[in-house]
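Working notes, structure below.
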Amino acid sequence: MMKTVDYENLSKANALFFEEYHLNFQQVMTSGWYILGKHVESFEHAFAEYLGAKYCIGVASGFDALILALIALDLPPQSEVIVASNAYVACVLSILKAGHIPVLVEPARDTSNIDVDKIEAKITAKTAAIMPVHLYGYPCNMAQISALAQKYQLHIIEDCAQAHGAKFQNQKVGTFSSVAAFSFYPTKNLGALGDAGAVVTDDENLNKKLRALRNYGSHIKYHNDYIGLNSRLDEIQAGFLRIKLSCLDQINQHKRNLAKIYDKFLPSVVTKPQHQPDYFGVYHIYNIYTEHRDKLRDYLKERGISTEIHYPIPPYQQPALRHLFAGQCYPMSDTMHVSTLSLPISFYHQPDDIEYVCETITQFFAEAL
């Protein structure tokens, strides 16, 4: 019997929080204080504590968080920053916006994250930082990346946009680096009802600098110490995030439980996410790889199942960027981008939804092969 399984439905995913959201909105609205107030401060303290970090600086988006993190480090102009070739385009754009040069390293097929064994070959005298991206909510190998950073005296800037609560060796991502960037885009496990982001650090000086940089470079009104941005987490979104944060572990565990159903019932002909000791993923995205991706996606759609592709076009093939990578080849990334498919795995999905997806995919391969 056919049923409908949306890839995502943000109204349903947030329904549990609506009553508290309404109360929060009324509090902010009647307070008359809408920018950098008590709700932002409360969320910043709570999120830093959740991660086990010292400081959290709320900003307007995850993209801004990456840019501000790079600016705050005061790297030499036109420094090289290493990042995975299959990462979302925002990573490359943030490096360029901060005045630096993105250097792409191929991903590992088993994790979809940067292949740590290929990083060292890309390090040059101009390399200043590594930007590990915990793609799909699966942590990078931070032990090896940290060892490389220490060996070559490099900064680490973690992109944790998809990995709220993910852990490597029982330590939450976002705490292995000089600075870490988080996105709270609505689809994230910890998502706001609009754009929002944060930078996390243990460095007191970076904390102070970032608080100024997000506010026109100003510690004191009308006194500008840095060339900053207007990138402030607003009170309404901060309040929403503070409410949802109390349920983040519940959200993550629910998605991990749904992932187990995929792991168990998806046919072996598709490549599923890998599980390794010391890695605790939170499944912002459950992606599979198959050379029959487009036909499978159409087949699922005809049977009421919506999917997504993260991402159909890699950064180095984007019209605005491809001139920067002319002559460079990334065969592993190319293969991943044409074969990846993201399956439904939202907080509101139930086990029978996931079982139906698995049954339908199994049926497709029984008919197609």
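The values are calculated or read from the model by the stated rules, or taken from the named source; none is laboratory data. Computed from a prediction, not measured in an experiment: that's the story for all the values here. All Cβ positions, glycine included, derive from the backbone under ideal geometry; neighbour counts span all protein chains shown.
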Which members of the range 124-177 meet the condition of being in contact with a helix residue (DSSP H, G or I) (Cβ under 9 Å, 6 or more places away or on another chain), surrounded by 21 or more Cβ atoms within 10 Å (Cβ to Cβ) and on the phi > 0 side of the Ramachandran plot? G137, G165, G174
Inside the range 137-166, can you point out the residues that are outside any loop (DSSP other than H, G, I, E, B) and among the aliphatic types (A, V, I, L, M)? M142, A143, I145, A147, L148, A149, I156, I157
All-but-one check, R293 against (1) within 24 Å of the chain's Cα centre (by Cα); (2) assigned by TED's automatic domain parsing to the domain that holds A53, failing number (2)
From P267, P273, P312, P277, residue being surrounded by fewer than 21 Cβ atoms within 10 Å (Cβ to Cβ), part of a loop (DSSP other than H, G, I, E, B), free of Cβ contacts under 8 Å to residues at least 12 places away in the same chain and not assigned by TED's automatic domain parsing to the domain that holds H22: P277
